[in-house]
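The values are calculated or read from the model by the stated rules, or taken from the named source; none is laboratory data. As the structure is a computational prediction, the values presented were derived from the model and not from experiment. Here the Cβ positions follow ideal geometry from the backbone for every residue, glycine too, while neighbour counts run over all protein chains shown. What goes into the accessible areas is simple: the full protein's heavy atoms, side chains included, and nothing from ligands, DNA or RNA. Shrake-Rupley method; radii C 1.70, N 1.55, O 1.52, S 1.80 Å.
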Amino acid sequence: MAATRLQFLVSASRLSDGGVVYLHRDRRWVESFDEGWRHDDAASRDGELVFAKSDEAHVCNAHVVEVGVAEDGALRLSARERFRREGAAKVRVRLGYERPADH
Amino acid sequence: MYRYDEHDLRLVQERARQFRDQVARRLSGALSEEEFRPLRLQNGLYIQLHAYMLRIAIPYGLLSSAQLRKLAHITRTYDRGYGHFTTRQNLQLNWVRLEDVPTILDELASVEMHAIQTSGNCVRNVTSDPFAGVARDEDVDPRPYCELLRQYSTFHPEFAYLPRKFKIAVTGSRHDRAAIAVHDIGLRAVRDATGGIGFEVFVGGGQGRTPVLATCIRTFLPERHLLSYTEAILRVYNQLGRRDNIYKARIKILLNELGAAELTRRVEEEHARIADDEGLVLTDDEIQRVARHFEPAVYEQLEASPTIDGLVLGKDRTLARWVEANVVGHRTPGYAIVQISLKSERLPPGDATHAQLDAVADLADRYSFGRAVVTHRQNLVLTDVKISDLAALHADLARVELASPNVGRVTDIVACPGLDYCDLANARSIPVAQDVAARLRSLETEQDLGPITLNISGCINACGHHHVGNLGILGIDKLGEEFYQLTLGGDHTETAAIGKILGPSFAATEIAGAVERAVRAYLALRTDRSETFLAVVRRVGPAPFKEAVYGAHSTPTQRTAA
């Protein structure tokens, strides 16, 4: 993998169902990793993290996700964050017996 | 089985009502997450990778058909239609919504169930032998003592905030099906020369990042002192166990730091002080009061019924394979113990759908006095099936994909939820289990591999008990990629052993092949079919397995004489 630079997203678990969410640039919580605000600098990241931790009406477990970005744009995440990003719909093999998420 | 009295019922109902109020206050903003977190954990509610997870207690694994139907209803109504049985004989729901949890707790309370003390630094669900009460090698039925310990430890004010979680297992048989050697307290109920009941007391076992086998600190503890001695152990641990480092907080670490002799001396000293306290002494009346809930079923006289061996040798080879692997002799003539494998081709290990839970409830009613038991190997057991009913039961189980003939075999894989669900995991367990099972299923059928335990954990916390699998797999995270270590020689029974790491870890795509090479090495090394995998490992050591697993084009070494 080519040399990487580090970016940061603020992520959390949704209060209602524990779902994975990311903080959008306009301080909305979104499910899409790609719509989350990727910070290049620590000051920006830390400011949003303070907001996220205070937004207890909507989320809990707010934390920073480190994203390694290669020169070719490829992203490197920890295994944990990679699976969080891939989301509940990607959890394990779809076996056909699970009820849909909108129970 | 034990039935709640008015106090038990009121306790769980009020706990559910209390949690409803706590959830409402959290959702309204009256409680912060910091304030709410310990409250939800005290009710078994975690936040996992993608959702809340509710862990439901199943004391010593015992379920009535009514409870099974309720669990089916709950998974169908409030979750995604399935649950996951754990190595602590509990059930986990993986997709609950916060606002639904109080209602789920109400539903559970209606069938004498709850999620109390399934999390937190307290005494967790007491586990036991799934064959309790019917095993041929049983000296003492452990279930009344499990129940007494459950009642004693539930909401015990002194032990609500221990240095770390605390796990107790009880068996009453010579063959250990409860893995007592890897528990904080392991108890084996035995009888002395006069027939009096007492306990061998083992302390300081555990898995996690520091796997330790428990040490026997009392060879015969009279039953009347079961609670007082447990209290003495808990008190010494509560006072001296470390609270500065979560990884050094279990009693196994305290035992290692003090030494077994000093820990025993302190426990005995404390016990001498409290042994005769009125509230701690188990009177005969109290033991009998609880034991009456576990009186044997009313069995029919069935001496002339077919035998298990006869079915194994029968013409129906599908039935024969299932009976051979999944059915065990019962202490009552004409009856059998039936193990229901939750390790089918389609479902992850330990998962059961709502339809399967309902089906097992119906089958328990039809064939086994309305009861089922969860095992620490993530299967279910019907303890009291007439041998003459086995063929019909097998056909009924097959209709709901519960007739896999593999209990105790290599495809009967124990696996934690891993990184598909768990917030602590470093790697996935479920796909590895499925890969390994797919790879070995035909080999198992063709070669009669015999008993092999294979356990997978997605992280060093070892919820999949990989340390005590004959073959163990541990998931690790290497720079964001899943890798897997293979261990060899673990054993959870009365000959307990911690498995040894075989060598460097494997990538996710390689681990199933490595397991297959280890199993093929066993086939080449065994003297005959009666020599089990574990026996071969103990006879020849790890070297031939290592050569088979890691050698570029290695072939297993030649058989060696025993």
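Values as computed for the structure displayed
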item: Spatial separation of Cα centroids for the range B:332-359 and the range B:481-529, in angstrom; result: 26
item: Size of electric dipole in the range B:1-159: Cβ of Lys, Arg +1 and of Asp, Glu -1, about Cα centre, debye, nearest 20; result: 520
item: Accessible surface of chain B, 1.4 Å probe, proportion on carbon and sulfur as whole %; result: 50
item: For chain B: rounded, prolate or oblate by the Cα gyration tensor [a/c cutoff 1.5]; result: rounded
item: Under 12 Å, Cβ to Cβ, from residue B:270 - net charge with Lys/Arg +1 and Asp/Glu -1; result: 0
item: Net +/- balance of residues flanking residue A:61 in space, Cβ distance below 14 Å, scoring K and R +1, D and E -1; result: 0
item: Peptide ranges A:18-28, A:46-56, B:268-278 listed from the most packed, as the mean C-beta count within 10 angstrom indicates; result: A:18-28, A:46-56, B:268-278
item: Drop in accessible area of at least 20 Å² in the complex versus isolated chain, residues of the range B:16-39, 1.4 Å probe; result: B:26, B:27, B:33
item: Listed pairs B:70/B:252; A:53/B:478; B:478/B:500 exceeding 27 Å between Cα atoms; result: B:70/B:252; A:53/B:478
item: Among B:296, B:534, B:509 - extreme Cα towards positive end, dipole of chain B, charges at beta-carbon; result: B:509
item: Chain B: relative contact order as a whole-number percent, Cα under 8 Å and 6+ apart; result: 12
item: With all protein chains modelled, accessible area of residue B:95 [1.4 Å, Å²]; result: 10
item: In the range B:299-351, the GluC sites (Glu not before Pro) that fall in loop regions by DSSP, at most 15 other Cβ within 10 Å; result: B:300, B:303, B:345
item: Where only alpha carbons of the range B:114-223 are counted, the Rg and the Dmax (Å); result: 13.9, 42
item: Whole-number percent relative contact order across the range B:76-134, with pairs defined as alpha carbons under 8 Å at least 6 apart; result: 24
item: Overall form of the range B:414-550 per C-alpha gyration tensor (a/c, 1.5; a/b vs b/c); result: prolate
item: Shielded residues, the range A:47-64 - accessible-area loss of 30 Å² or more between chain alone and all protein chains, probe 1.4 Å; result: A:56, A:60, A:61
item: Burial order of peptide ranges B:467-474, B:435-442, B:135-142, A:38-45 (average beta-carbon count within 10 Å, highest first); result: B:467-474, B:135-142, B:435-442, A:38-45
item: Partnerless cysteines, meaning none of the other Cys C-beta atoms lie under 4.7 Å away, in chain B; result: B:122, B:146, B:216, B:422, B:459
item: At R0 = 22 Å, FRET efficiency that the Cβ-Cβ distance of residue B:191 and residue B:295 yields, to 0.05; result: 0.75
item: Low-density loop positions, chymotrypsin sites (Phe, Trp or Tyr not before Pro), the range B:1-87 - DSSP coil, at most 16 other Cβ in 10 Å; result: B:4
item: Percent of C-alpha pairs per 10 Å bin, the protein assembly as shown, short to long; result: 3, 15, 25, 27, 19, 8, 2, 0, 0
item: 16 Å Cα-Cα reach of residue B:546 towards aspartates and glutamates, excluding residues that sit fewer than 8 places from it in its own chain; result: B:510, B:516
item: Relative contact order, percent, the range A:4-87 [alpha-carbon distance under 8 Å, six or more residues apart]; result: 37
item: Å² of accessible area per residue within the range B:1-121, as computed with a 1.4 Å probe and no ligands counted; result: 34
item: Interface burial for B against A (accessible surface, 1.4 Å probe, total of both chains, Å², rounded to 100); result: 3100
item: Alpha-carbon centroid distance for the pair the range B:91-141 / the range A:24-56, whole angstrom; result: 39
item: Prolate/oblate/rounded call for the range B:340-448, Cα gyration tensor, a/c under 1.5 rounded; result: oblate
item: Translational D in µm²/s for the range A:4-87 (Stokes-Einstein at 20 °C, 1.002 mPa s, Kirkwood Rh from C-alpha pairs); result: 168
item: Convex hull (Cα only) mean projected area of the range B:134-294, reported in nm² to one decimal; result: 9.5
item: Accessible area of residue B:215 in the full protein assembly, 1.4 Å probe (Å², nearest 10); result: 50
item: Probe 1.4 Å - accessible area at residue B:492, Å² to nearest ten; result: 20
item: Solvent-accessible area lost in complex, 30 Å² minimum, residues of the range B:63-107 relative to chain alone, 1.4 Å; result: B:80, B:82, B:95, B:97
item: Shielding by partners, peptide B:349-360 (average Cβ within 10 angstrom, other chains); result: 1
